[in-house]
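Nothing in this text is a laboratory measurement; each read-out follows from the coordinates by a stated rule. Everything numeric in this text was worked out from a predicted model, so none of it was measured. For neighbour counting, all protein chains shown are included, and Cβ atoms are generated from backbone atoms with ideal geometry for every residue, glycine included.
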Amino acid sequence: MSTITNTNLKPIIENSLSQSVSYKEYRELISELTEKQSTTGKNKTEALANYTMLNNRRMKRWDKTIKVDEESINKIEAINKKTTWLVLTESWCGDAAHLMPVMNKLAELNDKIEFRVVLRDENEALMDQFLTNGSKSIPKLIMIDNESKTVTNTFGPRPSKATDIVNEYKVKHGKLTPEFKEELQHWYNKDKGQTAIKDLIKLSLKV
C-alpha cells in the first residue's frame, strides 16, 4: 500500500501506541491467560480460551525455532530509518500465533525497529482504519515512520502465499471450513515463517 497521510489517523495511532506493550510483555500476558484458562478480547468463551492455550504453545515453539537466512538479515539490518511496527492482535488468533514470533525476530535484528503490540478489541478506532475487505482481520501490522509519524505500509492478516491459498479456496467453496483451517495450520508449519520474512522485508524496503 502507499503511504497514508490522513492527519486524522495520527492521534488514533498515538493513542494506541500509548496503550501498547512490548512483545515480551505480550508473551507474559498470554502465559498468564493460559494458566487462568482465559483469553483476550470481548468474548471470554471456553473455545477462545482453548485457542489461547494452543497459541501459547505455538508461539513458544516459533520463538525458539524461527530461522532467518543471511540475505534477509543483511536486508533488515540495512534499514536506517527509525520505525515502529505496531501490530493489532488477540490471543486466540491462530494466524497471529504463527506470525508474531516472525515479526519480533526481524525487529530484534535492527535496533531502529521497535515492535509494539495492542489488542484489537481495545483499539477499535485503529482497527477500523485498517480493515481487510471490510473485515477486522488480524494480525494487522502497521509500519510507522517515527520521524514523519506516517504509516508507510501494512502487513497481514496472512503472508502472501497463505492469502492466495485462502482466496482460491473461498472462490471454489464460498467459505473456509474447519478442515481447511487445519490444512492452513499445516502450511504454516511447513513454511516455517519464511514467506512472512520475505513479505515483511519487501514491505519495509518500500519506504
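Listing for the model above:
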item: Rough spin-label spacing in nm, given labels placed 7 Å along Cα→Cβ, for Gln37 and Asp128; result: 3.7
item: GNM flexibility winner over the chain from Asp69, Asp145, Asp95 (Cα, springs under 10 Å); result: Asp69
item: Loop sites in the range 141-184: GluC sites (Glu not before Pro), DSSP, at most 15 other Cβ within 10 Å; result: Glu147
item: Debye, to nearest 20: dipole size of the chain, +1 on Lys, Arg Cβ, -1 on Asp, Glu Cβ; result: 280
item: 3J(HN,Hα) from dihedral phi, the range 32-45, Karplus parametrisation 6.51/-1.76/1.60, rounded to Hz, x for glycine, proline; result: 5, 5, 4, 5, 8, 6, 10, 8, 7, x, 6, 9, 9, 8
item: Computed label-point distance, nm, for sites Glu77 and Asn15 using a 7 Å Cα→Cβ extension; result: 4.1
item: Calculated on alpha-carbon atoms, Rg and Dmax of the chain in Å; result: 16.5, 45
item: Which of Ser91, Ser135, Ser31, Ser72 has the fewest Cβ neighbours within 10 Å, and the rest in rising order; result: Ser135, Ser31, Ser72, Ser91
item: The chain, helix-only ellipticity at 222 nm - DSSP H runs n ≥ 4, -39,500 (n - 2.57), divided by all residues, nearest 500; result: -16500 deg cm²/dmol
item: In order through the range 131-146: 3J(HN,Hα) via Karplus (6.51 cos²θ - 1.76 cosθ + 1.60), integer Hz, x for Gly, Pro; result: 6, 10, 6, x, 10, 7, 6, 10, x, 10, 9, 10, 9, 10, 6, 5
item: Table column - 3J(HN,Hα) (Hz), the range 109-122, Karplus curve with 6.51, -1.76, 1.60, x for Gly and Pro; result: 7, 9, 6, 8, 9, 9, 9, 10, 10, 9, 8, 4, 5, 9
